[in-house]
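Read through the structure below, which is laid out as structure tokens, and then see the notes.
Here, each number is a calculation from the coordinates, and none is a lab measurement. Treat the numbers as computed from the prediction; the structure is a model and nothing was measured. Cβ: placed from backbone, ideal geometry, glycine included. Neighbour counts: every protein chain shown.
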Amino acid sequence: MFRLFIALTLFTLIRCSTSISATEKKVVLSDSTEFYTLHIEYPDDYRDVDGVMKTFSHEAFDKKKEEWKVGGELYNEEKKVSEMFADRAYVKYAYHQEFESFLEDSLETISYLFTIYEYTGGANGNVITKTFTFNKDKKLVDIQDILDFNDYKDIKLSRLLADKALSDTTLFFKDFVEPGLGLAYLKGDGITLDHDKCNCDGYFFGSNFQNFVIRKDGITFYFDKYTLAPGAAGITKVHLSWDELTPYLKKPLPF
């Protein structure tokens, strides 16, 4: 039976400082049919004046409802496969989004980490991340507001990320990290992209830093499942301290 549920739940967060703290609302979008389950949570934060988190979440919700609707193309394809392979396990699609908040009173910033799980068959689903950071002026902070990617600094920063990740030999391996950050596709000079190696027209190394959380001691960068480590590791993260980032920081910082 088709079920549609949209709930708005109010949570009060207790903080040590009142400079940026406020009541946070959590919005829940939920929908379920015989073919899929959707469950999306996102914060309704007063700093998000343009509603970017709301737009991101509702667009994903509406898109999946349309793509996965009963009687739609994907639904009919799955039905045909099930009829052809009677012993095949029943596949029910799933899309679940949750979030975690990171408030830094000393910097007057708040970062939101969205964790998104999607399953469309197979042994395991995929997990990706999306982050949003706001400053005291209610501005959405872009990583290029913080880091300078000019003069190949995006590549130098990517190498710094790789070195930091590979210092954890229990989780990260060179064969995953260097391709995941695009470093394996550089020519011998260390700055020129080898298009044959990457089988691509270009690679923006700044994309390695798009998902980030501001912390009082530095920035934590998050990566989707399979990007820097085997699937069993799930989402991975690499933290760089402010001291490590100093040569690449823009002035003034947006917080």
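What's the extension gain from residue 249 to residue 201 if we count 0.36 nm per residue and subtract their Cα-Cα distance? Can you show the working numbers first?
Working: separation 48, 0.36 × 48 = 17.28 nm, distance 2.84 nm.
Net length gain for the segment: 14.4 nm.
Which entries in 225/250; 174/197; 130/237; 64/92 show an alpha-carbon gap greater than 23 Å?
Values: 225/250 30 Å; 174/197 16 Å; 130/237 13 Å; 64/92 13 Å.
Too far apart for the 23 Å limit: 225/250.
At a 10 Å Cβ-Cβ cut-off, how would you order 170, 33, fewest neighbours first? If you can, show how the numbers build up before the last one.
Values: 170 6, 33 18.
The most exposed by this proxy come first: 170, 33.
What are the membrane-span-like helices in the chain by this rule: whole DSSP H runs, Cα extent along the axis at least 20 Å, mean Kyte-Doolittle hydropathy at least 0.0? Present the calculation step by step, with values, prior to reporting the outcome.
Values: long enough: 52-67 (22 Å, -1.30).
Helices passing the filter in the chain: none found.
Net charge around residue 59, counting only other residues with Cβ within less than 13 Å of its Cβ (Lys, Arg = +1; Asp, Glu = -1)?
Combined, the nearby Lys, Arg, Asp and Glu give +2.
Between residue 138 and residue 192, what length comes free when the chain is fully extended (0.36 nm per residue of separation minus the Cα-Cα distance, one decimal in nm)?
Extending this stretch completely gives an extra 15.6 nm.
Taking the range 158-199, which trypsin sites (Lys or Arg not before Pro) meet the DSSP loop condition and have no more than 15 other C-beta atoms within 10 Å? Numbers along the way, then the final one.
Details: sites: 159, 164, 174, 187, 197; in loops: 187.
Qualifying residues, ordered by number: 187.
The range 187-255 to the range 104-154: how many Å between their Cα centroids?
11 Å
Could you give me the ³J(HN,Hα) list for the range 187-202, computed from phi with Karplus coefficients 6.51, -1.76, 1.60 and θ = phi - 60°, whole Hz, x at Gly and Pro?
Each residue of the range 187-202 in turn: 6, x, 6, x, 9, 9, 6, 8, 5, 5, 5, 8, 6, 8, 7, x Hz.
Divide by every residue of the chain the summed helix terms, -39500 (n - 2.57) for each DSSP H run of at least 4, and state the resulting mean residue ellipticity at 222 nm, rounded to the nearest 500 deg cm²/dmol.
Result for the chain, helices only: -6500 deg cm²/dmol.
Net charge near residue 183: determine it from the other residues with C-beta under 15 Å of the C-beta of residue 183, scoring Lys and Arg +1 and Asp and Glu -1. Walk me through the intermediate numbers first.
Working: positive: 153, 156, 159, 164, 174, 187, 197; negative: 154, 163, 175, 178, 189, 194.
Neighbour charge sum, excluding residue 183 itself: +1.
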